[in-house]
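S.K.: Got a structure for you, written out below as structure tokens; questions coming shortly.
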Amino acid sequence: MNTQHGTHTEAVGARRPSRRTLLKAAGATALAAGPAAAGSAAVAAPSGDRATEEEYDVLVVGAGYTGVTAARELRARGKRVLVLEARDRIGGRTWGTAFAGHQVEMGGTWVEPAQPHIGAELKRYGIALEEERPVDRVFLPTPEGPGEFTPEDGFGRIGTLLERLFEGSEEYFAKPFEPLHRADLLQRLDTLSLRDRLDELGLTEAEELLINGQTSVYSGGSSSRGALTMLAHWWSLAGWSNEGWNDTQRYRMKTGTVGLLHRMLDEAQPTVRLNSPVTSVTDTGTRVHVTLRTGEQFSAPHAVVTVPVNVLSTIAFTPALPAALTTAASQGIAVPNATKLYIHARGSAAGRFYGQGAEGGTAIPMMMPFEETPEGLLYMAFSTDTALDPTDTAQVAQAVRALGAELDVLGVYAHDWGRDPYARGGWAFRRPRQLTSLYPAVHEPSGRLFFASGDLADGWSGFLDGAVESGLRAAAQVAAAR
């Protein structure tokens, strides 16, 4: 659900692919694009079974980072590729739009040049980065209520607790991009939720309040849902340090996340068809047939399915999905409830603050400054509370007040990824036992079908780096197939 005061539905700050890159069904709505795309028209596609009109080597389901990466790599190998995207835009769980005079990212936002896969893409296309400005104040929960800390003190306290939480991770995730390298050590650890691990630490009340807001929001609302090994994996990928962890939320692309995707598509020139939700995928043993909601069908010798794991259950597969993917789809990997908000506030009395709540203490457990506006400040926030109504500015202001700050809210722009039919959840965050029971089987092809998603990465699962990694793997698998 998109909500805000006023209407801003255009993606901004990014170039649109060339005409021949985009293929759309007749009568469909236009691709959301920014001012730089003005005058660029999409090509209308006739209805009917295009499989009889044009031959493809590979069908790619999904035009997010994973699907676009796979399509580019396959095109580089000389494959004729058709990308089928359910939405009226590319990007999947990345999506930029305009609000309060700024480009805002409603999905994936940050990149880190040290992340190997996305770092290589940034370098390849010369994508410039902008660094987040530091905060001036930090509000954290204490036994007496919200307390104000200096950034050095507040983040330092959290960092010390994170180091305790992930003690031993340098051994059990000694090779973070090979997460099962020490499977012997992970067998017990992967059964633990973050709540289990917090209980093991014997924290004081003050310590518990400082840390459980992070463990719960990353887990999707409850520290009992998320696996210790998931957050510890991210920590290990970031160099086993609080400094490295903080760097994962330090840089944004100046083009917006969709800008890099446009560059990739313009280079590869696959055929991309928007407004094309897939309802069934059938592997006959010699070809793969993909059927859309409209009844149209496309076929090719191979197909790469890149939809989020939580969406796999909405597609009928024949034969059925492999056991590991069936389990993953049934359990879900992405957090089921995730809303991202931008809060436009009049004035700047609260300043550039970072706010974090205690687990279950507020509908908005994490909030940070984004950009200044002529009227005041624009803040970015996250919620996993299904009861939060972002259209109710009084409710939003109350949730912020629970963090310790007072805001005069002018407007809110939010997207509920849990209710998004083509996401059915937000960021990837594995549950206990999923790493050791589902991996590496979730990477295996099934006949002529190949599966990829940022949810399934060996490394930065849930980050853009993981989405690129997964797309690269799938393309290599297809290229090696007979």
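S.K.: How do Thr384, Thr150 rank by accessible surface area computed with a 1.4 Å probe, from largest to smallest?
M.R.: Accessible-area ranking of Thr384, Thr150, largest first: Thr150, Thr384.
S.K.: I've got another one for you. Taking the 0 to 90 degree range and rounding to the nearest ten, how far is the long axis of helix 65-76 tilted relative to the main principal axis of the chain, both from C-alpha atoms?
M.R.: So the helix axis and the longest Cα principal axis differ by about 40 degrees.
S.K.: Please tell me the relative contact order of the range 102-221 in percent, rounded to the nearest whole number, where contacts are Cα pairs under 8 Å and at least six residues apart.
M.R.: 19
S.K.: Also, quick follow-up: Mind jotting down a quarter of the surface of the convex hull over the alpha carbons of the range 301-379, in square nanometres, one decimal? Numbers along the way, then the final one.
M.R.: Values: hull surface 35.9 nm².
It is 9.0 nm².
S.K.: Give, rounded to the nearest 20 debye, the magnitude of the charge dipole that the range 155-256 has about its Cα centre when Lys and Arg contribute +1 at Cβ and Asp and Glu contribute -1 at Cβ. Don't jump to the answer; show the numbers that get you there.
M.R.: Values: 11 positive and 15 negative charges, 108 e Å.
Dipole about the Cα centre, nearest 20: 520 debye.
S.K.: What is the extension gain from Ala320 to Asp199, computed as 0.36 nm multiplied by their sequence separation minus the C-alpha to C-alpha distance, in nm to one decimal?
M.R.: 39.6 nm
S.K.: Shifting gears a bit: Got a number for the accessible area of Tyr56? Probe 1.4 Å, square angstrom, nearest 10.
M.R.: The accessible area of Tyr56 comes to roughly 0 Å².
S.K.: I would also like to ask the following. Just tell me which aspartates and glutamates come within less than 12 Å, Cα to Cα, of Lys79; anything on the same chain fewer than 8 places away is out.
M.R.: The qualifying aspartates and glutamates are Glu55, Asp57.
S.K.: Moving to a separate point now. Quickly estimate the mean residue ellipticity at 222 nm for the chain, helices only: each DSSP H run with n ≥ 4 gives -39500 (n - 2.57), and the total goes over all residues, rounded to 500.
M.R.: Estimated from H runs of four or more residues: -8500 deg cm²/dmol.
S.K.: When only the heavy atoms of the protein chains count and the probe is 1.4 Å, how do Asp57, Asp389 rank by accessible area, highest first?
M.R.: Working: Asp57 35, Asp389 60 Å².
Accessible-area ranking of Asp57, Asp389, largest first: Asp389, Asp57.
S.K.: Treating the angle as unsigned and between 0 and 90°, give the value, to the nearest 10°, between the Cα long axis of helix 151-165 and the longest Cα principal axis of the chain.
M.R.: Approximately 70 degrees, to the nearest 10.
S.K.: Amide H to amide H under 5 Å from Val138: which residues, 5+ apart in sequence or cross-chain, H placed 1.01 Å off N in plane?
M.R.: Amide H to amide H, under 5 Å and 5 or more residues apart or across chains, Val138 pairs with Phe149, Tyr354.
S.K.: Follow-up question, since we're still on this one. Check which residues have an amide H placed less than 5 Å from Val272's amide H, if you skip close sequence neighbours.
M.R.: Amide H neighbours of Val272, under 5 Å, 5+ apart: Leu22, Leu23, Val83.
S.K.: DSSP loop GluC sites (Glu not before Pro) in the range 326-414 with at most 14 other Cβ atoms within 10 Å of their Cβ, which ones?
M.R.: Here the GluC sites (Glu not before Pro) that fit, given the DSSP loop and packing criteria, are Glu406.
S.K.: What number comes out for accessible area per residue over the chain if the probe is 1.4 Å? Units Å², please.
M.R.: Accessible area per residue, the chain: 37 Å².
S.K.: Would you kindly find the accessible area of Asp136, with a 1.4 Å probe and non-protein molecules such as ligands, DNA and RNA excluded, rounding to the nearest 10 Å²?
M.R.: Roll a 1.4 Å probe over it and Asp136 shows about 100 Å².
S.K.: Related question: Over the Cα atoms of the range 372-456, what Rg and Dmax result, in angstrom?
M.R.: Cα only, the range 372-456: 19.2, 57 Å (Rg, Dmax).
S.K.: With unit charges on the beta carbons (Lys and Arg positive, Asp and Glu negative) and the dipole taken about the Cα centre of the range 305-439, which residue among Gln331, His344, Pro365 sits farthest to the positive side?
M.R.: The one lying farthest along the dipole's positive direction is Gln331.
S.K.: So what J values fall out for the range 89-103 if you push phi through Karplus, 6.51 cos²θ - 1.76 cosθ + 1.60 with θ = phi - 60°, rounded to Hz, Gly and Pro as x?
M.R.: Values, residue by residue: 8, 8, x, x, 8, 10, 6, x, 8, 10, 7, 6, x, 10, 7 Hz.
S.K.: Using the Cα centre of the chain as the reference point, and only Cβ charges (+1 on K/R, -1 on D/E), how large is the resulting charge dipole? Debye, rounded to the nearest 20.
M.R.: Here the chain has a charge dipole of around 2020 debye.
S.K.: What list of ³J(HN,Hα) couplings, whole Hz, do you get for the range 446-453 from phi and the Karplus terms 6.51, -1.76, 1.60, once you set θ to phi - 60° and write x for glycine and proline?
M.R.: 10, x, 9, 9, 10, 10, 8, 5
S.K.: Please list, ordered by chain and number, the residues whose modelled amide H lies under 5 Å from the amide H of Arg80; skip anything fewer than 5 residues away on the same chain.
M.R.: Asp57, Val58
S.K.: Work out the charge dipole of the range 125-172 with +1 on the Cβ of Lys and Arg and -1 on the Cβ of Asp and Glu about the Cα centre, then indicate which of Gly159, Pro141, Tyr125 is farthest towards its positive end.
M.R.: So the residue we want is Pro141.
S.K.: Just read off the accessible area of Arg133 with the full protein assembly in place, 1.4 Å probe, to the nearest 10 Å².
M.R.: Here the residue's solvent-accessible area equals roughly 120 Å².
S.K.: Which of the aspartates and glutamates could a cross-linker bridge to Lys123, judged by Cα under 17 Å and excluding same-chain residues fewer than eight apart?
M.R.: Partners found: Glu73, Glu112, Glu131, Asp266, Glu267, Asp465, Glu469.
S.K.: Now for a separate question. Let me have the relative contact order for the chain, percent, based on Cα pairs under 8 Å that are six or more residues apart.
M.R.: Details: 1117 pairs, mean separation 114.0, N = 482.
Relative contact order comes out at 24 percent.
S.K.: Hey, if you drop one equal point scatterer on each alpha-carbon of the range 156-216 and run the Debye formula without solvent, what base-10 log of I(q)/I(0) do you get at q = 0.25, 0.30 Å⁻¹?
M.R.: Taken in order of the listed q values, log10 I(q)/I(0) reads -1.07, -1.27.
S.K.: Here is a follow-up. Restricting attention to the alpha-carbon atoms of the range 90-173, what are Rg (one decimal) and Dmax (integer), both in Å?
M.R.: According to the Cα coordinates of the range 90-173, Rg and Dmax are 17.9, 51 Å.
S.K.: In addition: Applying the Karplus parametrisation 6.51 cos²θ - 1.76 cosθ + 1.60 with θ = phi - 60° to the phi angles of the range 387-396, what ³J(HN,Hα) value in whole Hz is obtained for each residue in order, glycine and proline being reported as x?
M.R.: With coefficients 6.51, -1.76 and 1.60, one gets 7, 6, 10, x, 6, 8, 5, 5, 5, 5 Hz.
S.K.: A further question follows. So how do Lys123, Lys340 rank on accessible area, 1.4 Å probe, biggest first, that is with the largest at the start?
M.R.: Numbers: Lys123 175, Lys340 10 Å².
The ranking, largest first, comes out as Lys123, Lys340.
S.K.: Quick one: what do you get for the range 120-264 if you divide its Cα Rg by 2.2 N^0.38 Å?
M.R.: 1.20
S.K.: State the percentage of accessible surface on the chain attributable to carbon and sulfur atoms; use a 1.4 Å probe and exclude ligands, DNA and RNA.
M.R.: Using a 1.4 Å probe with all protein chains present, the chain comes out at 49 percent carbon and sulfur.
S.K.: To continue, here is another question. With contacts defined as alpha carbon pairs under 8 Å and 6 or more residues apart, what's the relative contact order of the range 67-172 in percent?
M.R.: Answer for the range 67-172 is 10 percent.
S.K.: Which net charge results when you count Lys and Arg as +1 and Asp and Glu as -1 among the other residues whose beta-carbon is under 13 Å from that of Ser280?
M.R.: It works out to a net charge of -1.
S.K.: Same structure again: Please name which of Thr69, Phe99, Thr109 has its Cα lying farthest along the dipole of the range 66-117 towards the positive end, using unit charges on Cβ (Lys, Arg +1; Asp, Glu -1) and the Cα centre as origin.
M.R.: Farthest towards the positive pole: Thr69.
S.K.: Between Thr284 and Glu130, what is 0.36 nm times their sequence separation minus the Cα-Cα distance? Round to one decimal in nm.
M.R.: 50.6 nm
The values are calculated or read from the model by the stated rules, or taken from the named source; none is laboratory data. This one's a predicted model, so the numbers in the text were calculated from it and none came from an experiment. Reconstructed Cβ throughout: ideal geometry from the backbone, glycine too, with neighbour counts over all protein chains shown. Each accessible area value is taken on the protein alone, full model and side chains, heavy atoms only, with ligands, DNA and RNA left out. Shrake-Rupley method; radii C 1.70, N 1.55, O 1.52, S 1.80 Å.
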